[in-house]
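Structure first, commentary second.
The values are calculated or read from the model by the stated rules, or taken from the named source; none is laboratory data. What you see is a predicted model; the values in this text were computed from it and never measured. Note that each Cβ is placed from the backbone with ideal geometry, even for glycine, and that neighbours are counted across all protein chains shown. Note: accessible area is taken over every heavy atom of the protein model, side chains too, but ligands, DNA and RNA are not part of it. Shrake-Rupley method; radii C 1.70, N 1.55, O 1.52, S 1.80 Å.
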Amino acid sequence: MRILVTNDDGIHAPGLETLERIARTLSGDVWVVAPDEERSGAGHSLTLSNPLRYQKLADRRFEVTGTPTDCVIMAVRKIMPAMPDLILSGVNRGQNIADDVTYSGTIAAAMEGTSLGIKSIAMSQVTGIHGNGESFAVAEAHGVSVVKKLLDFSFGPGTLINVNFPDCRPGDVAGIDVTMQGKRDQNFLTVDERIDARGRNYFWLGFARERGTPPTGTDIGAVFNRKISV
């Protein structure tokens, strides 16, 4: 089985290292093609007004000067010798649940793979709910078994799988829930206004840390209850 590994946090992201280890447990034919820098929030965007470049960093390991979608296209159309059997995208630093999926480059890479007819799974490590920092321990401990279970199923055409690992200790995971995409019941995007050294205003977009009331059966509800959401 040939596996393509990509992400939106960039080629040097710790979550990508976690995903590589998961992929190499499943196959000896693993290719890594990821953005040269962080592209979080890139969504399903393409680079159309600038040229793309890629650089080989090691055997079967490449960085691309583009978005996660660009990376999948470059991997499949240019870099890899043949189509991958599976695309794994992530492991994203932070959840991709509910409204997040419309912005996520991690999801978009899997979306592009799905549109090309390749079985694709996006994987994210939740942060900021149960206070386990930015550890990838749950994804590391449970990622292989989750992917193996998913590979036993036929996804069907046009279907991608979005997996979120709760931010608790690996031994405290309460199971796996098959969920639907939720919807936050609070405003989660914020605009932080600041002033630079020359007195000019600038702005950072960020995320509020308010707790909502997630309904049962949703991706939000699963991770709030220390479950892996699929």
Notebook entry, point to check: With (1) among the β-branched types (Val, Ile, Thr); (2) more than 19 Å from Ile97 (Cβ to Cβ); (3) in a loop (DSSP other than H, G, I, E, B) as the list, and Val144 as the residue in question, which single condition is left unmet?
Noted result: (3)
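Do you know which residues across the range 142-173 are among the hydrophobic types (A, V, I, L, M, F, W, C), under 16 Å from Lys227 (Cβ atoms) and crowded, with 16+ Cβ neighbours inside 10 Å? Can you show your working first?
Looking only at the range 142-173, we keep the residues that are among the hydrophobic types (A, V, I, L, M, F, W, C), and these are 144, 146-147, 150-151, 153, 155, 160-161, 163, 165, 168, 173.
Checking the rest, the ones that are also under 16 Å from Lys227 (Cβ atoms) come to 146, 150, 161, 163, 165, 168, 173.
If the condition is that a residue be among the hydrophobic types (A, V, I, L, M, F, W, C), under 16 Å from Lys227 (Cβ atoms) and crowded, with 16+ Cβ neighbours inside 10 Å, then Val146, Ile161, Val163, Phe165, Cys168, Val173 are the ones that fit.
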Margin query: Cβ-Cβ distance below 9 Å, separation of 6 or more or different chains: which pairs start in the range 14-41 with a residue that is more than 21 Å from Asp70 (Cβ to Cβ) and end on one that is part of a helix (DSSP H, G or I) and of a type in the set (Gly, Ala, Ser)?
Written below: Thr18/Ala139; Thr18/Gly143; Arg21/Gly143; Ile22/Ala139; Ile22/Gly143; Thr25/Gly143
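In contact with an Asp or Glu (Cβ under 9 Å, 6 or more places away or on another chain) and either at positive phi or free of Cβ contacts under 8 Å to residues at least 12 places away in the same chain (or both): which single residue out of Gly131, Gly182, Gly156 fits that description? Give the derivation first.
Details: Gly182 fails: either at positive phi or free of Cβ contacts under 8 Å to residues at least 12 places away in the same chain (or both); Gly156 fails: in contact with an Asp or Glu (Cβ under 9 Å, 6 or more places away or on another chain).
Testing whether each residue is in contact with an Asp or Glu (Cβ under 9 Å, 6 or more places away or on another chain) and either at positive phi or free of Cβ contacts under 8 Å to residues at least 12 places away in the same chain (or both) leaves just Gly131.
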Item checked: Evaluation of Arg198 against (1) farther than 16 Å from Val126 by Cα; (2) open to solvent by 50 Å² or more (accessible area, probe 1.4 Å); (3) assigned to a loop (DSSP other than H, G, I, E, B); (4) at pLDDT below 90 (one fails), failing number -> (4)
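Is it the case that Ala139 is part of a helix (DSSP H, G or I) and either acidic (Asp, Glu) or surrounded by 24 or more Cβ atoms within 10 Å (Cβ to Cβ) (or both)?
Values: part of a helix (DSSP H, G or I): yes; either acidic (Asp, Glu) or surrounded by 24 or more Cβ atoms within 10 Å (Cβ to Cβ) (or both): yes.
Taking the combined requirement at face value, the residue satisfies it.
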